[in-house]
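The values are calculated or read from the model by the stated rules, or taken from the named source; none is laboratory data. It should be emphasised that the depicted structure is a prediction, and the values quoted were computed from it without experimental measurement. Cβ coordinates were reconstructed from backbone atoms using ideal geometry, including for glycine residues, and neighbour counts include every protein chain displayed. Please note that ligands, DNA and RNA were not included when accessible areas were found on the heavy atoms of the full protein model with its side chains. Shrake-Rupley method; radii C 1.70, N 1.55, O 1.52, S 1.80 Å.
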Amino acid sequence: MKPAQHMNHGSYSIDSSDLPSQFQQQQNCLHQSLPDELGVGQSAIFQLDQDLSYIDTRYKPIKDLAILSRIDNQDPRVIVTLGLKGHSRYASNNGDEFFFNEGYTTITTFNSSIGERQYQANQPVTQLRFAIGKHWIDRYFGENKSAQLFNKTEVQLISHKPISAQSIISARHLMECNVAQELKPLFMHSQAMTILTAELTHLFEENCQYSGQFNQKDKAIAESARDILFTEFKNPPSIAELSKRVGTNPFKLKKMFHHFFNNTPYGLLLEFRMHRAYQLLESTRSQVSVVADVVGYNHASNFTSAFTKHFGISPKAIAKKN
């Protein structure tokens, strides 16, 4: 095992292939653990069937940590991540970044990926990830449905929504797995299927419901409205005014945002503001109050509350690191 590399600002990085690994015969899974000098925690990787694996990750690093990963699959994959505790971030080499927040299910797709999973020091993280192959999607949802997901080679965000109540219950059962050893494979597979049914079905239901309702003109209207929000993010128009400016009504505009962006207009605006603020805090020495003003908050206290709720860490902590 290669030692972790010390980076700037007290953070450390390690290649995922250098994490201590051991196959647990009794549990029929691969365990990867953090080196002692980086904290406590492990990932347990279970192969539930040929096109479905399940990863149970529980980390508490004692230092800011980046785990480097390089994945090159012959077949595209869907990754369903349930954020049960804490927050993390994935940053790809091409500049894309995705946040995995407590209480949310994040769905991404990719063929190949080079990047790093980033964790904050002394912040416990518990996440369940399901890696799903294209053949699995074809089997349960149909080939025409998988084509809707796998239309790009790079990592793309498909959905970021609160975890369903049913998935939270099944996730607890899956993590505890209090059944006889000989029943564990069947039990784990059934709980995983319950979670994936709850977290994936909405993607295809929405596509079925709206695929004939919206067209390219509607997409252009939605993108125009989004661009207005992003351009005028400091003083955004009301939904009624925004709808009028792009030539539609508030009800249809909200439906179009839900269909094309999987979010509400102001929900998308919040994500834009928060990610812009994170980048400013991380890459400049600006004070929190200055960043709050830049992203459109009149009061730094309101910005701090929104930022902390969104990322699970205060903006001051990000600024202090840099």
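For Lys85, a cut-off of 16 angstrom between C-alpha atoms picks up these lysines, skipping any fewer than 8 places away in its own chain: Lys60, Lys161, Lys309.
Toward the positive end of the charge dipole of the range 130-182, with +1 on the Cβ of Lys and Arg and -1 on the Cβ of Asp and Glu, the farthest Cα among Ser164, Gly133, Val179 is that of Ser164.
Placing +1 on each Lys and Arg Cβ and -1 on each Asp and Glu Cβ, with no other charges, gives the chain a dipole about its Cα centre of roughly 900 debye.
Helices meeting the span-like rule in the chain (full DSSP H runs, Cα extent of at least 24 Å along the helix axis, mean Kyte-Doolittle score of -0.5 or higher): 184-210, 265-283.
Using only alpha carbon pairs under 8 Å that are at least six residues apart, calculate the relative contact order of the chain and give it in whole percent. Computed value for the chain: 12 percent relative contact order.
Share of carbon and sulfur in the accessible area of the range 88-147 stands at 45%, probe radius 1.4 Å.
Projecting the Cα atoms of Ser314, Asn298, His259 onto the charge dipole of the range 256-322 (Cβ charges, centred on the Cα centre) puts Ser314 farthest toward the positive pole. Across the range 114-130, rounded Karplus estimates of 3J(HN,Hα) from the backbone phi angles (6.51 cos²θ - 1.76 cosθ + 1.60, θ = phi - 60°) give 10, x, 9, 8, 10, 10, 7, 4, 6, 10, x, 10, 10, 9, 10, 10, 10 Hz, Gly and Pro being marked x. Note on surface exposure: Leu186, Leu200, Leu84 rank Leu186, Leu84, Leu200 by accessible area, highest first, 1.4 Å probe.
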